[in-house]
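The values are calculated or read from the model by the stated rules, or taken from the named source; none is laboratory data. Quantities reported herein were computed from a predicted structural model and do not represent experimental measurements. Please note: Cβ atoms are built from the backbone with ideal geometry, for glycine as well, and neighbour counts cover all protein chains shown.
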Amino acid sequence: MDRRDINDSNRLRASEIIEKCLEILNDEEKLQSASVSQLTGAISSLSDNFLGESDSVARTDDSLSKSIFELEKDLRSDKPQ
């Protein structure tokens, strides 16, 4: 196995782990029981990694983006003014 094969294998493994984590983050019961701090941390990480400034406009129509933006909106509306 050469270096490129190892890198491809590691990328595939990382993608599989990320997919599992996203499934956990999308669990309704876990979302309901999470603290605001946990939710904002998850939103921040997802936004930074998947909705980077360069492609945020292009990805606003996918279901993950819509869920993140909706959750962010809900969290902001729950903040004391």
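Table for the structure above
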| item | result |
| --- | --- |
| Pairs where the first residue, in segment 8-24, is closer than 15 Å to LEU46 by Cβ and the second is surrounded by 10 or more Cβ atoms within 10 Å (Cβ to Cβ) and of a type outside the set (Val, Ile, Thr), C-beta under 7 Å, 6+ apart | ILE24/LYS30 |
| Which numbered condition ASP61 fails, given (1) modelled with pLDDT of 75 or more; (2) of a type in the set (Asp, Glu); (3) in a loop (DSSP other than H, G, I, E, B) | (1) |
| Single match in ASP74, ASP5 (criterion: over 11 Å from the mean Cα position of the chain (by Cα), in a helix (DSSP H, G or I), exposed (fewer than 10 other Cβ atoms within 10 Å of the Cβ) and at pLDDT below 85) | ASP5 |
| Residue satisfying condition, being out of contact with any Asp or Glu (no Cβ under 6 Å at 6 or more places or on another chain) and modelled with pLDDT under 80, within set LEU12, LEU25, LEU46, LEU39 | LEU46 |
